[in-house]
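Single-structure report; data block below.
Bear in mind these aren't lab numbers, they're just calculated from the coordinates by the rules spelled out. Quantities reported herein were computed from a predicted structural model and do not represent experimental measurements. Using ideal geometry, Cβ is built from the backbone for each residue, glycine included, and neighbour counts are taken over all protein chains shown.
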2 protein chains.
Amino acid sequence: MAGKGEDTRKRILDTAQAMILDHGYAGVSVDKLIKSLGLTKGAFFHHFKSKRDLARTLIQRYSDEGVQLFRDSLARAQKLSDDPLQQFLLVIGLYEELFEGLTEPFPGCLLASYVYEMQQFDEETRDIINVEFYLSRKELTSLIEQIMEKYPPNAEVNASSLADGFMSLFEGAFVLSKSLKEADITVQQLRHYKTYVELLFRQ
Amino acid sequence: MAGKGEDTRKRILDTAQAMILDHGYAGVSVDKLIKSLGLTKGAFFHHFKSKRDLARTLIQRYSDEGVQLFRDSLARAQKLSDDPLQQFLLVIGLYEELFEGLTEPFPGCLLASYVYEMQQFDEETRDIINVEFYLSRKELTSLIEQIMEKYPPNAEVNASSLADGFMSLFEGAFVLSKSLKEADITVQQLRHYKTYVELLFRQ
DNA sequence: TATGAAACATACCATCCGGTATGTAAATCA
DNA sequence: TGATTTACATACCGGATGGTATGTTTCATA
């Protein structure tokens with residue numbers, strides 16, 4: 001059971017994240033944030049000791065959710081197949097499902113938003129972003145290496161850069177999607193990535 | 001011959017662009033900008049009637065340069081080959097060359113930087129970004145359609161989403177590159193894209 | 001060499017910014 | 001029930017912000 005305090009804290013985080021993806025971190029003042037929440041400064045600084053504290057908490061939450069989503073997806077895929085290639089294709093399919101239903105463009109990636117304002121943040125906050133990308137790369141690379149051992153690729157490719165390609169896909173698709181206001185760009189790029197993997201490892 | 005005024009104007013634009021890619025648009029105050037340039041407010045507001053004016057001028061210049069680069073690359077490729085597939089592969093190769101020599105990560109794409117602060121800008125500025133993506137997509141799609149007519153693809157793909165993939169590649173690679181401070185991510189992703197195109201259209 | 005415009009510099013302003021100090025109602029619990 | 005903590009609200013502060021008004025210097029040109 002979440003108390004009222006935790007509920008308000010979550011409301012602040014959710015609203016802040018949505019606003020930051022549209023205005024940027026520096027573009028979201030504490031005043032504007034609390035006004036759109038119907039709160040006061042007292043409330044905000046009760047839950048977060050500074051704006052930097054909010055920024056750090058926010059990106060940590062976002063990063064944790066991202067890692068969790070990937071691990072859950074992989075776990076589901078591993079239950080459905082023992083073959084690493086099939087597992088990877090299933091994971092891609094699960095991400096497709098996530099973005100298939102959207103009528104509006106995905107609001108964007110908070111990591112990318114931070115990356116383009118990197119100097120606004122302290123080292124601890126910047127490190128959270130780094131760790132997220134390193135961790136995702138590591139786990140994805142491990143899966144792709146299993147695939148490459150079993151299926152010799154039809155072109156000279158490198159496992160970790162193929163993993164980077166998967167992460168990069170979302171970052172790129174989100175930017176185009178946000179600007180062009182087209183909801184289906186991410187799904188289309190996921191399908192291209194899936195096709196690429198199939199063409200690479202198909203005998 | 002550029003007078004001293006035009007030179008200062010260019011210096012402001014160049015410095016502003018570099019700073020915005022690190023701090024975000026809202027994170028670069030006019031004060032900080034002129035301080036790092038060794039100028040005064042009088043100088044800045046002589047060259048730009050407002051900060052918004054700087055933002056608009058900056059993104060227009062960046063967009064124009066991007067379109068120009070693509071058209072130049074395509075023109076060079078067309079001189080080297082009559083085949084649309086070879087032309088596309090050559091264009092990708094030319095972009096590879098551009099990013100091959102870098103020792104530091106590419107500072108990022110100003111369009112993406114703006115996209116993640118979209119609400120900071122007026123409609124005219126937002127439109128410049130839109131037009132850039134639409135135009136690039138259109139010209140790239142046209143080339144890919146020529147390829148598809150001549151070479152039936154080995155998988156069911158769509159020309160415009162494949163074009164989106166090329167633009168998306170840079171946006172994604174820049175984000176990873178900036179965060180991980182690895183200079184070669186963009187080149188690696190360009191090589192993957194080239195491999196994908198080859199696998200798609202190879203008989 | 002006089003003149004006007006371009007290219008800056010200086011001083012100032014209203015507003016907004018993150019942050020603090022203090023107060024208070026409500027929930028928790030010994 | 002009394003004491004303490006949690007969860008807010010109010011009022012205020014010093015500094016930064018974008019922008020303006022008013023200079024001064026440089027420089028081409030007539």
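Averaged over the residues of B:174-185, the number of partner chain Cβ atoms lying within 10 Å of the residue Cβ comes to 6. Legend: helices of chain B (whole DSSP H runs) are marked when their alpha-carbon atoms reach 30 angstrom or more along the helix axis and their mean Kyte-Doolittle hydropathy is at least 0.0; marked are B:159-180.
The protection proxy used here, the mean number of other Cβ atoms lying within 10 Å of each residue, ranks peptides B:188-198, B:38-48, B:170-180 as follows, highest first: B:170-180, B:188-198, B:38-48. Our analysis of the range B:50-201 gives Rg over Rh at 0.99, with the two radii drawn from alpha carbon positions and Rh computed by the Kirkwood formula. The label point for B:SER36 and the one for A:ALA155, both projected 7 Å from the Cα toward the Cβ, are 3.8 nm apart.
Inter-copy label distances at B:LYS10, shortest first and taken from points set 7 Å along Cα to Cβ: 5.6 nm. Per-residue ellipticity at 222 nm from helix content only, as computed over the protein assembly as shown with -39500 (n - 2.57) for each DSSP H run of at least four residues, stands at -25500 deg cm²/dmol. Taking Cβ atoms as reference points and 15 Å as the exclusive limit, the residues near B:GLN203 contribute a net charge of -1, counting Lys and Arg as +1 and Asp and Glu as -1.
Ordering B:111-120, B:11-20, B:73-82 by mean Cβ neighbour count within 10 Å, with the highest value first, yields B:111-120, B:11-20, B:73-82. The simple spin-label model puts a point 7 Å past each Cα toward its Cβ; for B:GLU182 and A:ASP72 those points are separated by 2.7 nm.
Given the C-alpha centroids of the range B:36-54 and the range A:76-103, what is the distance between them in whole angstrom? If we compute the Cα centre of each part, the gap is 51 Å.
For the residue pairs A:LYS51/B:LYS49; A:LYS194/B:LYS150; A:LYS178/B:LYS138; A:LYS79/B:LYS178; A:LYS138/A:LYS178, the C-alpha atoms sit more than 26 angstrom apart in A:LYS51/B:LYS49; A:LYS79/B:LYS178; A:LYS138/A:LYS178.
Sorted shortest first, the distances from the A:ALA43 label point to those of the same residue in the other copies are 4.6 nm; each point sits 7 Å from Cα along Cα-to-Cβ. If only the Cβ of Lys and Arg carry +1 and only the Cβ of Asp and Glu carry -1, the dipole of the range B:1-153 around its Cα centre is close to 740 debye.
With Cα atoms defining each centre, the range B:124-203 and the range A:133-157 are spaced 22 Å apart in the structure. Counting charges near A:ARG126 (Lys, Arg +1; Asp, Glu -1) among other residues having Cβ under 12 Å from its Cβ returns a value of -3. Look at the stretch A:186-195: the mean tally of other chain Cβ atoms within 10 Å of its residues' Cβ atoms is 5.
Across peptide A:19-28, the average count of Cβ atoms from other chains found within 10 Å of a residue's Cβ is 6. Label-point distances for A:ASN154 to the equivalent site in the other copies, using a point 7 angstrom along Cα→C-beta, read 0.3 nm when ranked shortest first.
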